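Below: the structure, in structure tokens.
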Amino acid sequence: MSKGFRLSNHVKALLLVLLLPVFALAEKVISGQVLSSSDQTPVASATVMIKGTKIGTSTGLDGKFSIRAKEGDVLVITGIGISREEVVVGSENDMYIKVATNSKNLNEVVITATGIKKESKRLGYAIQTIDASTLTQAREPDPVNSLKGNAAGLEVNINSEIGHAPDVIIRGENDINDRPMFVVDGVPISSDTYNINPDDIETFTVLKGPNAAALYGFQGKNGAIIITTKKGARGKKGVVVDFNSSTMFNKGFIALPKYNDQYGPGDNGKYAYGGGGSSPASYFGTGAVGVGLNDYDYDVWGPQFRGQLIPQYDGAYDPTKSYTTTFADGTTYTGHVAPTPWLARGTDNLKKFIQTGLLTANSISVSSSTEKTDLRLSIGDTYQKGIVPNTQLNNGNFSASVVQRFNKKFTATAYFNYSRQSSPNVPDVSYGPNSIIYNIIIWGGADWAMSDMKNYWQPGKTGIQQKYEEYYRYNNPYFMSYEWLRGHTQNNEYGYVSLNYKLNDNLDIQFRPSMTTYDMFNSEKLPYSADVYGRELRQGDYREDRRSLFESNSDLQVRYHQNDLLGFLDLQALGGGTVRNLNFNSGFESTNYLNVPGIYSFSNSLNPLTGSSFHSSMLVLSAYYSVDLGYKSYINANITGRVDKSSSLPSNAGSYFYPSFNLATVVSDYVNLPTVISFLKIR
């Protein structure tokens, strides 16, 4: 007779509580198809995103898609010619989503180069406008990061370093100089996009390729991203106060590469720690060189971890005692460090080192619109705590805009933005001993435990010698975070005044002077015993890097438009000129090793100071034109041209001409097409 096994009700309840989140959060592959609600035809090239994330895909020609999501997620479907649709993921694995067509989407007016408004369907080049309000639900430290996955042909490579702008590529150009320009309300800016409050942005418009941005000359040869800011209360009466607050946590890397945790440091299966330094008693003077066997500048192909006794960093050093270690090939090593068990105690060192990051963003705006005036003021603050300990960035922002309509003919617009970035310490993830990643997983073995490195000074040598597993090339991660400090401060200002006078119903003139400027200060405190390429004596340094830029653009533009000219022709034309003036200054100064450890001052330099300075200026005179000709709304031709004369080029080749021509026709406006084709455009 066998006895049954029965769980108590308390145990059942406990198991249910523990397992419920596992089932609830389980992801699954969702297969679906997006169909037109009017005729059930497939909708191709629609974007399918998981709301509040950067996870998304697009539909194929048959309207089908596949995406990993979990029950309760919200799928957001958007695209050209369709209305936005949101669908909640349920228990089913197959979804059929119906969307309504939206002809208004196809006839929308968009902002093009130099701030010109045009009807999107008549453009002969690629352009895409993104509503910024849909991008602020999942916050990013830089607003441009939010464009990732939201514009066709736009690649946004988000930089993991705090305070660094993303790498933006349009249509696959990969050279570092092949990057698009950024334009705010028609005005080019030279500072980074960290200084823009996401809540101040109305839309992003991506001009793809040289044809779209030809009116910007050589600055727009790789396309442009136009940022249109909010003005006034957007049709609401009275004073409107908006407050936005968000908090986001960052758990670190989505995935880590596989790395060697079966063999420890060393070469050819051999390693023995000799005590560190150029000698057991001295770590400086001629550069630290290991005195053991393969215990400096090694590869991670030493002895296999089997628990055998090997001299290593946690062994006691006693010059009066000698210890002999025998390796697998029979060779031996004799030294003064007591052998300890050779174990892989650091298999997850990087995961144990990084912390949960934090991003908090708060902004408040006050806006008002009347018949004569649009006014908007906003203040924003963003705080970012990095996943690397003791790293953070503060970013404060203030902006003000006013639109004054003096009468039916004269309108003035003014805009100003100020931001300040500051950080006591930003991480360095470049290649070299100054990089956390470099030290922990690229050249660091699994023989050392991260917990052993928290007290990063050697006993009796605080401020002079760090504690680590070796003393030739690499550095203690905690020592790097709390002693090797890289301060950063940057002030950004940009603004413009736009004066527009309407001479008659068809002709107006605009004068728009603008400026963009920044000043930046970076400092680096390199402590005693820190190693970096070129400073092998490890005697510390202090460095300062100062940079400033000022750019002004004065633009004059005359615009004319006339419909039904000669009874069949629509004409839109403009001509203009720009004066661009740019000045850049930089200065770098550094000690040549420190005389006294821990005193970070130029007066504490052991040897004469080193440094450099740089100044450049450029004047660019430009003239441009654009002509749009439309034949009874059937076909539209656009011709543009721009001449730039630059002081930075040789006098005999100082000017260049940038022409463009494009033709577009919306066939579906005048040809009866099959019902499966709702919109057809040839350009």
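The values are calculated or read from the model by the stated rules, or taken from the named source; none is laboratory data. Computed from a predicted model, the values in this text were never measured in an experiment. Please note: Cβ atoms are built from the backbone with ideal geometry, for glycine as well, and neighbour counts cover all protein chains shown.
Side notes on the structure shown:
- Taken as a whole, region 583-591 holds no residue that is buried (at least 18 other Cβ atoms within 10 Å of the Cβ), outside any loop (DSSP other than H, G, I, E, B), free of Cβ contacts under 8 Å to residues at least 60 places away in the same chain and hydrophobic (A, V, I, L, M, F, W, C).
- Scanning region 62-77 for residues that are in a strand (DSSP E or B) and either over 13 Å from Gly32 (Cβ atoms) or not charged (D, E, K, R) (or both) yields Phe65, Ser66, Ile67, Ala69, Lys70, Val74, Leu75, Val76, Ile77.
- Being touching a residue at least 12 places away in the same chain (Cβ under 8 Å), under 30 Å from Arg535 (Cβ atoms), of a type in the set (Gly, Ala, Ser) and in contact with a Gly (Cβ under 8 Å, 6 or more places away or on another chain) holds for only one residue in Ser605, Ser613, and it is Ser613.
- Filter pass, Ser622 being among the small types (Gly, Ala, Ser) and farther than 30 Å from Tyr542 by Cβ: yes
- Residues of region 613-665 that are closer than 30 Å to Arg546 by Cβ, among the polar types (S, T, N, Q) and part of a strand (DSSP E or B): Ser613, Ser616, Ser617, Ser646.
- Restricting attention to region 405-451, the residues that are assigned to a loop (DSSP other than H, G, I, E, B) and of a type in the set (D, E, K, R) add up to 4.
- Selected residue (only one of Gly315, Gly302, Gly307, Gly357 is in contact with a strand residue (DSSP E or B) (Cβ under 7 Å, 6 or more places away or on another chain), closer than 30 Å to Asn244 by Cα, outside the structural domain of Glu140 (by TED's automatic domain parsing) and not acidic (Asp, Glu)): Gly357
- Yes/no for Asn475 being modelled with pLDDT of 85 or more and crowded, with 16+ Cβ neighbours inside 10 Å: yes
- Here region 227-241 is the region considered, the condition is being out of contact with any helix residue (DSSP H, G or I) (no Cβ under 7 Å at 6 or more places or on another chain) and at pLDDT 85 or above, and the residue that is farthest from Tyr296 (Cα to Cα) is Val239.
- Exactly one residue out of Tyr533, Tyr542, Tyr494, Tyr501 is part of a strand (DSSP E or B), hydroxyl-bearing (Ser, Thr, Tyr) and either on the phi > 0 side of the Ramachandran plot or surrounded by fewer than 16 Cβ atoms within 10 Å (Cβ to Cβ) (or both): that is Tyr501.
- Checked against (1) within 33 Å of the chain's Cα centre (by Cα); (2) among the polar types (S, T, N, Q); (3) crowded, with 21+ Cβ neighbours inside 10 Å, Gln465 passes all but a single condition, namely (1).
- Residue match in region 501-514 (condition: within 28 Å of Gly386 (Cβ to Cβ) and outside the structural domain of Gly186 (by TED's automatic domain parsing)): no
- Taking the numbered list (1) in contact (Cβ under 8 Å) with a residue 60 or more places away in the chain; (2) crowded, with 16+ Cβ neighbours inside 10 Å in turn, Val402 passes all entries but (1).
- Unmet criterion (only one of (1) modelled with pLDDT of 85 or more; (2) among the aromatic types (Phe, Trp, Tyr); (3) exposed (fewer than 12 other Cβ atoms within 10 Å of the Cβ)) for Phe65: (3)
- Some residue of region 91-109 being at pLDDT 70 or above, closer than 29 Å to Gln33 by Cα and under 20 Å from the mean Cα position of the chain (by Cα): no
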